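Peer 1: Can you keep this structure in mind? I'll have questions shortly.
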Amino acid sequence: MSKLKDFTVATARPLPVIVLADVSGSMSANGKIDALNDAIQWMIESFAAEEHSRAEIHVAVIAFGKGGARLHQPLLPAAQIKWERVGAAGNTPMGAAFDLVVKMVEEHAQIPSRAYRPTVVLVSDGQPTDEWREPLQRLLASERASKASRFVLGIGDDADPAMLAEFLADPSARVYSAHEARQIKNFFRWVTMSVTQRTRSVNPNSVVVVDPTALDDYDF
């Protein structure tokens, strides 16, 4: 049995999931940063429990707040990650986060050619405080990053849904919103379900998106 398991791990292709997490100072209010930490940890643990021969889910987290954008969690198989919680401080340098994700996706040393199409998840409770239009255009023009499956969550009334819709670059896609901590967790559970369904499909490169009419209608 151990030889069969080793063979499965060796042949599985990476399926990268990259989270762009707003950790600006405003995320410290109303339990938002705690809910975000809990949701990311739950997602990683759920991915780690998946066992499918076609795909192995890898996770990275880019945090953007005080000091700019940084790679808080390097891209690793979910089973190897011990989540270190992020704090909230500073502004919202979202443009810097876009540039960092493009660099990551385009670098074959991090995401090899054999990897499945990445999933990129953007979560923010505010509007960008740096120049973001050109970085976003670089992301959308990137040969590899533009093909990523993209999800977005705007938290609270200060999030800019029009700007977040530009990240999706798909008129039929939806910007989800959360006004309380529970909805943040529900969003991540929905993303987790969409990604794990890809690992179970015949072709994990296909985008399998479960599209609820409202996140509150989901029984997680």
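Peer 1: Mind checking which pairs have a first residue in segment 184-213 that is among the small types (Gly, Ala, Ser) and at pLDDT 70 or above and a second that is open to solvent by 10 Å² or more (accessible area, probe 1.4 Å) and in a loop (DSSP other than H, G, I, E, B), Cβ under 7 Å, 6 or more apart or different chains?
Peer 2: Pairs found: Ser194/Val208; Ser194/Val209; Ser194/Val210; Ser201/Val208.
Peer 1: Also, I was wondering about something else. Would you mind finding the one in Thr119, Thr92 that is closer than 19 Å to Ser26 by Cβ and open to solvent by less than 30 Å² (accessible area, probe 1.4 Å)? Spell out how you get there, then give the answer.
Peer 2: Working: Thr119 fails: closer than 19 Å to Ser26 by Cβ.
The conditions single out Thr92.
Peer 1: Restricted to segment 9-35, and to residues that are among the aliphatic types (A, V, I, L, M) and part of a helix (DSSP H, G or I), which residue is surrounded by the fewest Cβ atoms within 10 Å (Cβ to Cβ)?
Peer 2: Initial filter on segment 9-35 (among the aliphatic types (A, V, I, L, M)): 9-10, 12, 15, 17-21, 23, 27, 29, 33, 35.
Then drop every residue that is not part of a helix (DSSP H, G or I), which leaves 9-10, 27, 29, 33, 35.
On the way: Val9: 12, Ala10: 8, Met27: 28, Ala29: 11, Ile33: 26, Ala35: 21.
Filtering segment 9-35 for residues that are among the aliphatic types (A, V, I, L, M) and part of a helix (DSSP H, G or I), the one surrounded by the fewest Cβ atoms within 10 Å (Cβ to Cβ) comes out as Ala10.
Peer 1: When you scan segment 72-87, how many residues do you find that are part of a helix (DSSP H, G or I) and either under 14 Å from the mean Cα position of the chain (by Cα) or of a type in the set (D, E, K, R) (or both)? Show your work before the answer.
Peer 2: So in segment 72-87, the residues part of a helix (DSSP H, G or I) come out as 78-80.
Filter again for either under 14 Å from the mean Cα position of the chain (by Cα) or of a type in the set (D, E, K, R) (or both), leaving 78.
Residues in segment 72-87 being part of a helix (DSSP H, G or I) and either under 14 Å from the mean Cα position of the chain (by Cα) or of a type in the set (D, E, K, R) (or both): 1 in total.
Peer 1: In segment 146-177, how many residues are under 15 Å from Leu36 (Cβ atoms) and in contact with a helix residue (DSSP H, G or I) (Cβ under 8 Å, 6 or more places away or on another chain)?
Peer 2: Of all residues in segment 146-177, those under 15 Å from Leu36 (Cβ atoms) come to 151-156, 159, 176-177.
Still in the list and also in contact with a helix residue (DSSP H, G or I) (Cβ under 8 Å, 6 or more places away or on another chain): 151-156, 176-177.
Adding up the residues that qualify gives 8.
Peer 1: Only one residue in Ala69, Ala60, Ala39 is part of a helix (DSSP H, G or I), at pLDDT 95 or above and surrounded by 17 or more Cβ atoms within 10 Å (Cβ to Cβ), so which one is that?
Peer 2: Numbers: Ala69 fails: part of a helix (DSSP H, G or I); Ala60 fails: part of a helix (DSSP H, G or I).
Being part of a helix (DSSP H, G or I), at pLDDT 95 or above and surrounded by 17 or more Cβ atoms within 10 Å (Cβ to Cβ) holds for just one of Ala69, Ala60, Ala39, which is Ala39.
Peer 1: Let me confirm something: among Ser177, Ser194, Ser142, which residue is out of contact with any Ser or Thr (no Cβ under 7 Å at 6 or more places or on another chain) and open to solvent by 40 Å² or more (accessible area, probe 1.4 Å)? Steps first, answer last, please.
Peer 2: Numbers: Ser194 fails: open to solvent by 40 Å² or more (accessible area, probe 1.4 Å); Ser142 fails: open to solvent by 40 Å² or more (accessible area, probe 1.4 Å).
Matching residue, one of Ser177, Ser194, Ser142: Ser177.
The values are calculated or read from the model by the stated rules, or taken from the named source; none is laboratory data. Fair warning: this is a prediction, and the values are worked out from it, not measured in the lab. Cβ sites come from the backbone with ideal geometry, for glycine too, and all protein chains shown count toward neighbours. Note: areas computed on protein heavy atoms with side chains; ligands, DNA, RNA excluded. Shrake-Rupley method; radii C 1.70, N 1.55, O 1.52, S 1.80 Å.
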